[in-house]
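No lab work stands behind these numbers, since they all come straight from the coordinates. These figures come from a predicted structure and were not determined experimentally. All Cβ positions, even for glycine, are placed from backbone atoms using ideal geometry, and neighbour counts span all protein chains on display.
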Amino acid sequence: MYDEDNDILEAAISAAPKTEPLWVDDWKKWVTVTQVNARIRSKLLEASVKTERKGNRNVSKADLETMYPTLAILCIRNPIAADLPDKSHPHYAEYPGAKDREGNYIKPPHAKAGQSPFKLEHLDVLNRTSGAALEQISAVAQRLNLLRQEDFEQKKESSAEERKRERENSISELQELLEE
């Protein structure tokens, strides 16, 4: 007997995260940008919200100083040879794992392909790097992970101190999830 519920569950469990090769102009390097799982996405949203006082109420919005480097940390992987960019890209030959017409490597695959080059402790370091690079990465990561501005806007009323504690807890929980 066909069980449609198990079929959908199996599809959800076995779905590979979407990835996309990205040439980061300011770094002059290729990276692979990937989707994150639902738990990490939720913690990212919680960690990337700040509350400001507007008149007599608290307004929550994206904390870009946290969001951009956190997206880079969570979504960037060393280039994956199986995920080649389009051969017409001007930097195709620099992609680790790029092949010529005969199928020979132009550049060998990355030794740590698919692994994250960053940890959450690199957040402040990344904030001191090119804002354009983080913006470029963030645009792809937001698209792959279906993140929108309204996702960062909290609807509940809370004090600035409560939001700060929640953000710090979310960042700690992100670290734990990444270590699993």
Quiz item: Taking a 20 Å limit on the Cα-Cα distance, which of the listed pairs Lys99/Lys119; Lys61/Lys119; Lys28/Lys87 fall beyond it?
Solution: Lys99/Lys119; Lys61/Lys119
Practice problem: Quick one: among Asn169, Asn56, Asn104, which has the greatest mean-square fluctuation in a GNM of the chain with alpha-carbon springs under 10 angstrom? | Solution: Asn56
Quiz item: Pulled fully out, how much extra length does the chain show between Leu64 and Ser130, if you take 0.36 nm times their separation in residues and subtract their Cα-Cα distance?
Solution: 22.4 nm
Quiz item: For the chain, modelled as a Gaussian network with Cα springs under 10 Å, which listed residue fluctuates most, Asp124, Asp100, Asp83?
Solution: Asp100
Exercise. Pull out a ≥ b ≥ c, the square roots of the eigenvalues of the alpha-carbon gyration tensor of the chain, then state rounded if a/c is under 1.5, prolate if not and a/b is larger than b/c, and oblate in the remaining case.
Key: oblate
Practice problem: Report the residue, chosen from Pro85, Pro108, Pro21, that carries the largest GNM mean-square fluctuation when the chain is represented by alpha-carbon nodes joined by springs under 10 Å. | Solution: Pro108
Practice problem: Within 10 Å, count the other beta carbons around each residue, average over each peptide in 7-20, 61-74, and list them highest first. | Solution: 61-74, 7-20
Quiz item: Which value at 222 nm does the chain reach when only helices count, each DSSP H run of 4 or more adding -39,500 (n - 2.57), with the total divided by all residues and rounded to the nearest 500 deg cm²/dmol?
Solution: -12500 deg cm²/dmol
Quiz item: Taking R0 as 22 Å, what's the FRET efficiency between Glu173 and Leu146 from their Cβ-Cβ distance, rounded to 0.05?
Solution: 0.55
